[in-house]
Amino acid sequence: MRSWLTVIITAVIFSSLIFWWVHTYYEPVRVIGMSMNPTLQEGEWILVKRTRPKTEFSRNDLVVFWHDHDLAIKRLIGLPDETLEFAQKKIKLFTDQNPEGELLNEPDYDTSTWSFFPRTINLDQHQYFVLGDRRAQSLDSRDYGPITRDNLLGTAIVVYWPPFHIRWLRGM
């Protein structure tokens with residue numbers, strides 16, 4: 001009897017530590033909407049690595065952020081202190097390292113129905129520009145402007161539900 005009690009107490013303590021660790025550093029988030037198709041499907045659950053003060057974000061990261069009291073997930077296109085120019089359904093990126101600009105290579109994204117007019121967006125040191133992968137059906141920074149670092153919850157790292165959809169999202 002005593003050995004079973006030890007096993008149960010050990011299991012409860014171990015489970016509690018894992019639960020605390022996961023919920024301290026990660027956040028489960030349900031995908032709502034179709035704006036990230038085909039990368040993410042509506043109803044999938046993803047695990048998001050929470051933002052820390054020194055977190056560095058990279059272009060093309062899938063980020064989860066607060067917008068109008070709801071969580072949203074989009075692809076990170078523009079980083080702080082960059083300039084994005086939108087014209088002829090293309091995105092041109094200007095950085096300190098590339099002041100002449102370069103066209104972003106986006107062969108996998110539907111740009112056939114982009115309706116925004118040519119414009120330039122200058123991001124300040126705390127702003128990010130995000131777009132949904134399904135560009136034509138996505139409400140994103142083209143509609144509500146850049147997001148700030150304070151609104152970023154973190155970076156999506158894995159789809160964990162449903163089980164037959166499990167996959168890593170890093171490097172996508």
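What follows draws every value from the coordinates through simple rules; no lab data is involved. Keep in mind that what you see is a predicted model, and the values were worked out from it rather than measured. FYI the Cβ positions are ideal-geometry reconstructions off the backbone, even for glycines, and counts take in every protein chain you see.
Averaged over residues, the count of other Cβ atoms within 10 Å places the peptides 17-27, 136-146 in the sequence 136-146, 17-27, highest first. Radius of gyration (Cα atoms) of region 127-172, expressed as a multiple of 2.2 N^0.38 Å: 1.41.
Loop-located GluC sites (Glu not before Pro) across region 13-83 with a Cβ neighbour count of 16 or fewer within 10 Å are E42, E56, with loop assigned by DSSP. The slack in the chain from F164 to I18, taken as 0.36 nm per residue of separation less the alpha-carbon distance, amounts to 50.2 nm. Under 8 Å for C-alpha pairs, at least 6 residues apart: give me the relative contact order for the chain, rounded to a whole percent. RCO, the chain: 26 percent. Sorted largest first, the principal axis extents computed over the alpha-carbon atoms of region 2-168 equal 73, 32, 27 Å. Relative to the dominant Cα principal axis of the chain, helix 2-25 is inclined by about 10°.
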